[in-house]
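Chemist: Handing you this structure, nothing more for now.
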Amino acid sequence: MSKPFILCFIDDDEIYQYTVTRSVNKHQLAKKILIFPDGEQAMWFLMDNIADNDNLPDVIFLDINMPIMDGWQFIDEYVKLKPRINKQITIYMITSSVDPVDYEHAKKISEISDYLIKPIKPDMLKDIIEALEKEGKLGAN
C-alpha cells in the first residue's frame with residue numbers, strides 16, 4: 001500500500017523525471033507525484049491550490065538550473081507565499097551543481113531542508129521519505 005503523501009519534483013530533466021517517478025512508484029513512497037518542468041508552473045500550482053491541503057505537496061524536490069523560473073527564483077517566491085500556506089512542506093534542493101557558492105546559498109535559506117547532489121538513488125529517496133515520516137513531518141498541517 002502506498003504512503004498517503006504527495007511528492008513534487010520540479011526539474012526540467014525528462015530522464016530524471018522518469019527515473020524518480022518509476023522509483024517512487026516501485027517503492028510505493030507516495031499516493032501522488034507532481035512533476036513540473038520549471039519553477040513557474042510549480043508556483044502557479046501552489047497558488048491555485050493554496051487553500052486545498054489535500055492537493056499541496058508534502059515534499060518538494062527542487063532543481064536549481066531550469067528554464068523560465070529556476071530553483072532560486074522559485075524559493076524566493078515560495079518564501080513570500082509560505083505564510084498563506086497552512087501545510088508544512090519540506091523542500092530539498094536536488095541538483096547536479098557541486099558549486100560551493102550554490103551550497104552555501106542553500107544553507108542560508110531556512111525553507112531548504114537539505115542540498116543533495118544528483119543522481120539521487122532509489123534507496124536514498126526511500127530513506128528521505130521514511131526519515132520525514134518518522135519525524136512526523138509528512139502529512140502535518
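Chemist: Could you provide, to the nearest whole Å², the per residue accessible area of the chain with probe 1.4 Å? If you can, show how the numbers build up before the last one.
Modeler: Numbers: 7580 Å² over 141 residues.
Per residue, the chain has 54 Å² of solvent-accessible surface.
Chemist: Let me ask you something else. Suppose every Lys and Arg Cβ carries +1 and every Asp and Glu Cβ carries -1, with no other charges. What dipole size does the chain come out with about its Cα centre, to the nearest 20 debye?
Modeler: On the way: 16 positive and 24 negative charges, 125 e Å.
The dipole of the chain has a size of about 600 debye.
Chemist: Please give, to one decimal in nm, the separation of the simple spin-label points placed at Lys32 and Tyr103, each 7 Å out from Cα toward the Cβ.
Modeler: Here the modelled spin labels are 3.6 nm apart.
Chemist: Moving on. Under the rule a/c < 1.5 gives rounded, and otherwise a/b versus b/c splits prolate from oblate, where does region 68-141 land using the Cα gyration tensor?
Modeler: Taking the square roots of the gyration eigenvalues as a ≥ b ≥ c, region 68-141 is oblate.
Chemist: By accessible area of protein heavy atoms, probe 1.4 Å, what ranking do Lys31, Lys82 get, highest first?
Modeler: On the way: Lys31 120, Lys82 90 Å².
Sorted descending by solvent-accessible area, the residues read Lys31, Lys82.
Chemist: Please give me the summed charge of the neighbours of Asp11: other residues whose Cβ is under 10 Å from its Cβ, Lys and Arg +1, Asp and Glu -1. Don't skip to the end; give the middle numbers.
Modeler: Working: positive: Lys118; negative: Asp12, Asp13, Glu14, Asp38, Asp63.
Once positives and negatives cancel, what remains is -4.
Chemist: Still on this structure, I have one more. On the protein heavy atoms, probe 1.4 angstrom, tell me the percent of accessible surface of region 78-131 carried by carbon and sulfur.
Modeler: Details: 1660 of 3130 Å².
Heavy-atom surface of region 78-131 belonging to carbon and sulfur, 1.4 Å probe: 53 percent.
Chemist: Given the options Leu46, Leu29, Leu125, which has the most mean-square fluctuation in a GNM of the chain, springs set between C-alpha atoms less than 10 angstrom apart?
Modeler: Leu125
Chemist: Within region 25-48, list the residues whose amide N lies under 13 Å from a label point set 7 Å along Cα→Cβ of Asp12.
Modeler: 37-41
Chemist: Additional query: Sorted by mean Cβ packing within 10 Å, highest first, what order do the peptides 68-81, 106-119 take?
Modeler: Numbers: 68-81: 17.4, 106-119: 14.6.
My ranking of the peptides, most packed first, is 68-81, 106-119.
Chemist: Going highest first, how would you order 9-21, 54-66 by mean Cβ packing within 10 Å? Provide the component values of the computation, followed by the final result.
Modeler: On the way: 9-21: 17.7, 54-66: 21.2.
Most protected by this proxy first, the peptides run 54-66, 9-21.
Chemist: Which one of Asn25, Ile50, Ile15 has its Cα pushed farthest toward the positive end of the charge dipole of region 12-120, where Lys and Arg give +1 and Asp and Glu give -1 at the Cβ?
Modeler: Most positive-ward Cα: Asn25.
Chemist: For the chain, what is the calculated [θ] at 222 nm in deg cm²/dmol (nearest 500), taking -39500 (n - 2.57) for each run of four or more DSSP H residues and dividing by its residue count? List each step's numbers first, then the result.
Modeler: Working: 5 runs with 55 residues, N = 141.
Counting only the DSSP helices, I get -12000 deg cm²/dmol.
Chemist: Moving to a separate point now. Does anything in region 43-80 have its amide N under 14 Å from the 7 Å Cα→Cβ label point of Ser110, and if so which residues?
Modeler: 79-80
Chemist: Sticking with this one: Go through Lys108/Lys134; Lys31/Lys126; Lys31/Lys87; Lys80/Lys107; Lys31/Lys134 and tell me which ones have a Cα-Cα distance over 20 Å in this structure.
Modeler: Values: Lys108/Lys134 25 Å; Lys31/Lys126 14 Å; Lys31/Lys87 17 Å; Lys80/Lys107 18 Å; Lys31/Lys134 17 Å.
From Lys108/Lys134; Lys31/Lys126; Lys31/Lys87; Lys80/Lys107; Lys31/Lys134, over 20 Å: Lys108/Lys134.
The values are calculated or read from the model by the stated rules, or taken from the named source; none is laboratory data. Bear in mind that the values here come from a model prediction, so they are computed numbers and not experimental data. Using ideal geometry, Cβ is built from the backbone for each residue, glycine included, and neighbour counts are taken over all protein chains shown. For accessibility, only protein heavy atoms count, side chains too; no ligands or nucleic acids. Shrake-Rupley method; radii C 1.70, N 1.55, O 1.52, S 1.80 Å.
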